[in-house]
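Please treat every number below as a calculation from the coordinates, not as lab data. Given the structure is predicted, the values throughout are model-derived calculations rather than measurements. Ideal geometry is used to build each Cβ from the backbone, glycine not excepted, and the neighbour counts take in all protein chains shown.
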Amino acid sequence: MHPSKKVMIVTGGSRGIGAAVARLASRRGYAVCVNYHRRRDAADDVVRAIQADGGHAIAMGADVSDEAQVVQLFERVDRELGRIDALVNNAGVLETQMRVEDMDAARITRILHTNVVGPLLCCREAVRRMSPRHGGQGGAIVNVSSVAARLGSPGEYVDYAASKGALDTLTIGLSKEVAADGIRVNSVRPGTIYTEMHASGGEPGRVDRLASAIPLQRGGTVDEVAGAVMWFFSDEAGYTTGSFIEVSGGK
Ligand code: NAP
């Protein structure tokens, strides 16, 4: 435990945007729980990088779509880092590009479980710790959505885009529900960012293919997204809740 540090959980902190958020949060003084699903090795690398930088982090495995694992994750953080101040719902998945007419229910359900049920469960556990109704002292939550919620991802993954639309509605509703409890809930909507996620969709080179169609003419970096996420946790954002920052190069 580091009583002087604020505590943050980053879901899907092992790779991509989540790993960048975890590293930046540590530099801003947070003790960080780097959650992962399957890539313990990658989560351990993030923790080692944070420790080498003088920060404090621990790696914890949990599938955010599984209620029992989410409950265990938050209970372990209570014990090992202390009561959380900040949650970043970053874990998210997409699957092979295809049209809706070719999708089966199992795939759609997997997407919705990880991208919608997962953040809802993590928000529930966070509010149970942050709200004064439960002895908490407030806090802040950032949900990592996508401009796909606005664009719809036709021909690629409408299921994924729909899950991000649901996440945006969660941000709006929960922000109003818990504002009087001193909990702010906001969202960052990345555009096309260089991570391994595009390989999950079957097109590792997707960012470069789309670059010329992005007004700023390039893909974004994970650090550019992490900066926006961390702004929502800053004192400057104290009057901002239910709000969205797009990090999409103008797309
Ligand atoms: P990524 O590189 O594919 O990393 C995904 C992360 O999520 C990994 O840490 C992975 O853990 C974790 N994860 C996946 N399923 C999980 C589960 N069930 N439980 C816990 N963790 C799980 O993805 P990314 O590009 O950084 O994306 C991060 C977020 O940004 C996602 O919500 C994504 O929708 C959003 N986003 C990304 C882009 C983009 O262009 N990259 C654009 C818009 C929005 P393991 O390492 O253990 O597998």
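What the Cα atoms of segment 1-133 give is an Rg and a Dmax of 15.4, 53 Å. Counting only aspartates and glutamates at least 8 places from Lys5 when in the same chain, those with an alpha carbon closer than 14 Å to its own are Asp78, Glu80, Asp85. I want the local charge near Gly205. Using Cβ-Cβ distances under 15 Å, sum +1 for each Lys or Arg and -1 for each Asp or Glu among the other residues. Residues close to Gly205 contribute a combined charge of -1. Helical content alone sets the calculated 222 nm signal of the chain at -12500 deg cm²/dmol, taking -39,500 (n - 2.57) per DSSP H segment of four or more residues and averaging over every residue. Working from label points 7 Å from Cα in the Cα-to-Cβ sense, the Glu177 to Thr96 distance is 3.6 nm. For Gln51, neighbours were defined as the other residues whose beta-carbon sits under 15 Å from its Cβ, and their charges (Lys and Arg +1, Asp and Glu -1) total 0. Ignoring solvent entirely, what values of log10 I(q)/I(0) come out of the Debye formula for segment 186-251 at 0.19, 0.27 Å⁻¹ when each Cα is a single scatterer? Treating every Cα as an identical point scatterer, log10 I(q)/I(0) equals -0.74, -1.11. Among the trypsin sites (Lys or Arg not before Pro) within segment 77-106, those in coil by DSSP and having at most 11 neighbouring Cβ atoms inside 10 Å are Arg99.
Of the three principal axes defined by the Cα atoms of segment 6-247, the extents in descending order read 48, 39, 35 Å.
Segment 82-124 and segment 1-73 have Cα centres separated by 18 Å.
Amide H to amide H distances under 5 Å link Ile183 with Gly139, where only residues 5 or more positions off or on other chains count and H is placed in the peptide plane. Give me the net charge for the shell around Asp181: Cβ to Cβ below 15 angstrom, other residues only, Lys and Arg +1, Asp and Glu -1. Cβ neighbours under 15 Å give a net charge of +4.
Here's how it looks for Lys6: its modeled amide H is under 5 Å from those of Ala31, which are all 5 or more places away or on a different chain. Treating each Cα of segment 67-152 as one equal point scatterer and applying the Debye formula with no solvent, the log10 of I(q)/I(0) at q = 0.21, 0.23 Å⁻¹ comes out as -1.02, -1.14.
As a length-normalised measure over Cα pairs under 8 Å and 6 or more apart, the relative contact order of the chain settles at 18 percent.
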